[in-house]
Amino acid sequence: MTTAVRSGAARLRPAAGFTLVELAVVLGLIGLLVAFIVPRVSVLGSAALDASARRLATRVQFLREEAAIRNRWIRLAVDPKAGTYRAEGLVPSAGGVRFAPIDVPLYRETRIPTPVRVSLEGPGVTSSVDGYDTTLFSPDGYADPALVWLDDGAGRRVAVVIDPVTTRARIVDDDDIPPGLMGALP
């Protein structure tokens with residue numbers, strides 16, 4: 001009789017698989033993880049935007065000071081299609097003078113991180129032969145007024161403000177741009 005009980009108990013064993021409660025708990029945990037991870041992804045894009053803006057503002061300030069210290073015309077060249085920017089100095093050439101890249105680390109081309117887009121606007125912005133949008137820094141410390149826009153592609157946009165009067169580049173959110181500045185810059 002003990003043999004029959006043992007074999008009967010073996011037959012009453014539940015089938016392999018998960019219960020509805022176990023599946024609900026796992027799906028609930030996955031939902032919680034997604035709820036915590038998805039906002040972090042947008043924070044990463046925002047961090048790339050903020051870091052790019054700080055790096056660019058520092059570069060703009062350096063270029064303006066470099067133009068005044070070295071008594072040299074320098075221009076900031078932005079390529080929106082490639083997502084890059086670089087500095088070029090006015091150098092002598094066979095046909096006179098021209099702007100050309102200078103092989104110094106802070107002049108070299110810098111690529112903006114992939115989700116971030118860059119563009120340059122302002123009354124003095126011109127296009128170079130290479131198709132770059134450019135703005136000038138003169139030897140007397142003056143800079144053409146301009147906005148270098150950085151957009152994270154998720155609805156957040158900041159501008160690095162190149163002000164002709166102050167020597168420091170400012171970073172402002174799209175919503176915080178002073179009305180007078182937008183009147184001076186198209």
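With respect to Ala82, is the statement that it is modelled with pLDDT of 90 or more and either in contact with a Leu (Cβ under 6 Å, 6 or more places away or on another chain) or within 22 Å of Ala47 (Cα to Cα) (or both) true? Step through it out loud before you land on a result.
Numbers: modelled with pLDDT of 90 or more: yes; either in contact with a Leu (Cβ under 6 Å, 6 or more places away or on another chain) or within 22 Å of Ala47 (Cα to Cα) (or both): yes.
Criteria met by Ala82.
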Mind listing whichever residues of the stretch 119-145 are of a type in the set (Val, Ile, Thr) and touching a residue at least 60 places away in the same chain (Cβ under 8 Å)?
Thr135
Hits in the stretch 125-146 (condition: among the charged types (D, E, K, R) and within 21 Å of the chain's Cα centre (by Cα))
Asp133
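Tell me yes or no: at least one residue of the stretch 7-29 is farther than 24 Å from Ala143 by Cβ, β-branched (Val, Ile, Thr) and modelled with pLDDT under 80.
Going through the stretch 7-29, the residues farther than 24 Å from Ala143 by Cβ turn out to be 7-29.
Those left that are additionally β-branched (Val, Ile, Thr): 19, 21, 25-26.
So of that shortlist, the ones also modelled with pLDDT under 80 come out as none.
The answer is no, given that none of the residues of the stretch 7-29 is farther than 24 Å from Ala143 by Cβ, β-branched (Val, Ile, Thr) and modelled with pLDDT under 80.
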Does Pro139 fit the bill of being under 17 Å from Thr167 (Cβ atoms) and assigned to a loop (DSSP other than H, G, I, E, B)?
yes
Selection from the stretch 89-106 of residues that are surrounded by 10 or more Cβ atoms within 10 Å (Cβ to Cβ) and without any contact (Cβ under 8 Å) to a residue 40 or more places away in the chain:
Gly89, Leu90, Val91, Ser93, Val97, Arg98, Phe99, Ala100, Pro101, Ile102, Val104
Quick test of your reading of the structure: Arg111 fulfils all but one of (1) out of contact with any Leu (no Cβ under 9 Å at 6 or more places or on another chain); (2) farther than 29 Å from Ala47 by Cα. Name the failing condition by number.
(2)
Let me confirm something: among Val161, Val148, Val172, which residue is of a type outside the set (Ser, Thr, Tyr), free of Cβ contacts under 8 Å to residues at least 60 places away in the same chain, part of a strand (DSSP E or B) and crowded, with 19+ Cβ neighbours inside 10 Å?
Val161
So which residues in the stretch 67-124 are aromatic (Phe, Trp, Tyr) and either more than 27 Å from the chain's Cα centre (by Cα) or assigned to a loop (DSSP other than H, G, I, E, B) (or both), if there are any at all?
Trp73, Tyr107
In the stretch 149-162, is there at least one residue being closer than 15 Å to Gly83 by Cβ and acidic (Asp, Glu)?
yes
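The values are calculated or read from the model by the stated rules, or taken from the named source; none is laboratory data. Owing to the predicted nature of the structure, the values given are computational and were not obtained by experimental measurement. Please note: Cβ atoms are built from the backbone with ideal geometry, for glycine as well, and neighbour counts cover all protein chains shown.
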